[in-house]
Amino acid sequence: RPPRFRGGEVRFDDKGILHSKGAYILVGGEREKFDAAERVIGGFFIWAGIEKLGRVIYSHADSRLGAAAQRPDVLEESFQLGVAAAQSVASQP
């Protein structure tokens, strides 16, 4: 929320941020814990007034670049999240 300074007061501009929609994808190794990242993202969504549409979390043991791209189930889940997000945004008045 961009701040606006008027008469010694700080006000935050909510125009264009509140009532937004968002989703996120987290990818990490097999011992990766996503709790902290989800708390930060969740807090940001609340602070910015963003409606959470969903998330995809992929934890894996393969440390090679592009490992997630070899998982059709993860790609499909991500694709469906994107489709749902696009439909939700498109249906906004």
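One table, with the values for the structure above:
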{"item": "Residue, most open to solvent (accessible area, probe 1.4 Å), within region 43-56, restricted to residues that are assigned to a helix (DSSP H, G or I) and of a type in the set (A, V, I, L, M)", "result": "Ile46"}
{"item": "Close pairs from region 20-41: first within 18 Å of Leu53 (Cβ to Cβ), partner of a type in the set (Val, Ile, Thr), Cβ under 7 Å, at least 6 apart", "result": "Ser20/Ile50; Lys21/Ile50; Lys21/Val89; Gly22/Ile50; Tyr24/Ile41; Ile25/Val56; Leu26/Ile57; Phe34/Ile57"}
{"item": "Region 57-83: number of residues that are exposed (fewer than 14 other Cβ atoms within 10 Å of the Cβ) and not aromatic (Phe, Trp, Tyr)", "result": "14"}
{"item": "Region 17-42, subset small (Gly, Ala, Ser) and assigned to a strand (DSSP E or B), residue farthest from the chain's Cα centre (by Cα)", "result": "Gly29"}
{"item": "All positions within region 1-34 that are at pLDDT below 80 and among the aliphatic types (A, V, I, L, M)", "result": "Val10, Ile17, Leu18"}
{"item": "Region 59-73 residues that are in contact (Cβ under 8 Å) with a residue 40 or more places away in the chain and closer than 22 Å to Glu38 by Cα, paired with ones that are open to solvent by 50 Å² or more (accessible area, probe 1.4 Å) and not aromatic (Phe, Trp, Tyr) (beta carbon under 6 Å, 6 or more apart)", "result": "Ala68/Val27"}
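The values are calculated or read from the model by the stated rules, or taken from the named source; none is laboratory data. Remember, it's a predicted structure, so these values are computed and weren't measured experimentally. When we count neighbours, we look across all protein chains shown, and the Cβ atoms used for this are built from the backbone with ideal geometry, even at glycine. Note: accessible area is taken over every heavy atom of the protein model, side chains too, but ligands, DNA and RNA are not part of it. Shrake-Rupley method; radii C 1.70, N 1.55, O 1.52, S 1.80 Å.
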